[in-house]
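Peer 1: Sharing a structure, written as structure tokens. Questions coming.
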Amino acid sequence: MEKQPMTLRGKAQLEQELRNLITIERPQVIRAIEEARAQGDISENAEYEAAKDRQSFIEGRIAELQAKLANAEVIDPRLIKSDRVVFGATVTLLDLEEQEKVTFQIVGTDEANVKEHKISILSPLARAIIGKTKGDVVLVQSPRGDKEYEILHFEFI
């Protein structure tokens, strides 16, 4: 599997979710299965089926998180020294059509959250500005149509 870039914060979030699943969620679902079994016939026991479904989800998510963490290329944006936009950069753009400024950080796919101004490195906008520098104008193709942005500033924080 290919290494996937991730910030320190993104790694910490995945590790916290994994810890929660292993130490809290997994034991809870095991207890729920035991309690449902104790009720007798499990062939028509809705609680048992629900607990088994939840267990399956938890075990699948644990495996998924472990694989993501094993394949993570963890990057601390504060240590990056670049004169070009790269993963981890916090970028301020000017939407040339709307004349509005937008600021966001380029992060890994699991960290992306538009409300927190974090976009995935795989997004059309991030792909368009990676490798560019201050003053460059980029054309971003998206489902809503093409937009032009000027890179006003970027930093690594």
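Peer 1: Read through the list (1) surrounded by fewer than 14 Cβ atoms within 10 Å (Cβ to Cβ); (2) small (Gly, Ala, Ser); (3) without any contact (Cβ under 8 Å) to a residue 24 or more places away in the chain, then give the number of the only condition that Ala67 fails.
Peer 2: (3) is the only condition that Ala67 fails.
Peer 1: Same structure again: Counting only residues that are within 14 Å of Lys101 (Cα to Cα) and surrounded by fewer than 14 Cβ atoms within 10 Å (Cβ to Cβ), how many does region 111-147 have?
Peer 2: Here the count works out to 3.
Peer 1: Related question: What strands (runs of 3 or more DSSP E) lie completely within region 110-157 and have 3 or more residues being in contact (Cβ under 8 Å) with a residue 60 or more places away in the chain? Spell out how you get there, then give the answer.
Peer 2: Working: elements: 118-120, 137-142, 145-155.
The qualifying strands (runs of 3 or more DSSP E) are 145-155.
Peer 1: Being without any contact (Cβ under 8 Å) to a residue 60 or more places away in the chain, exposed (fewer than 13 other Cβ atoms within 10 Å of the Cβ) and within 14 Å of the chain's Cα centre (by Cα) is the requirement here; does Ala12 meet it? Give the derivation first.
Peer 2: On the way: without any contact (Cβ under 8 Å) to a residue 60 or more places away in the chain: yes; exposed (fewer than 13 other Cβ atoms within 10 Å of the Cβ): yes; within 14 Å of the chain's Cα centre (by Cα): yes.
So Ala12 fits the description; yes.
Peer 1: Here is a further query. Just one of the numbered conditions (1) in contact (Cβ under 8 Å) with a residue 12 or more places away in the chain; (2) under 23 Å from Tyr149 (Cα atoms); (3) crowded, with 16+ Cβ neighbours inside 10 Å is not true of Ile62; which one?
Peer 2: Failed condition: (2).
Just so you know, all these numbers are worked out from the coordinates, no wet-lab data involved. It should be emphasised that the depicted structure is a prediction, and the values quoted were computed from it without experimental measurement. Every residue, glycine among them, receives a Cβ derived from its backbone with ideal geometry; neighbour counts consider all protein chains shown.
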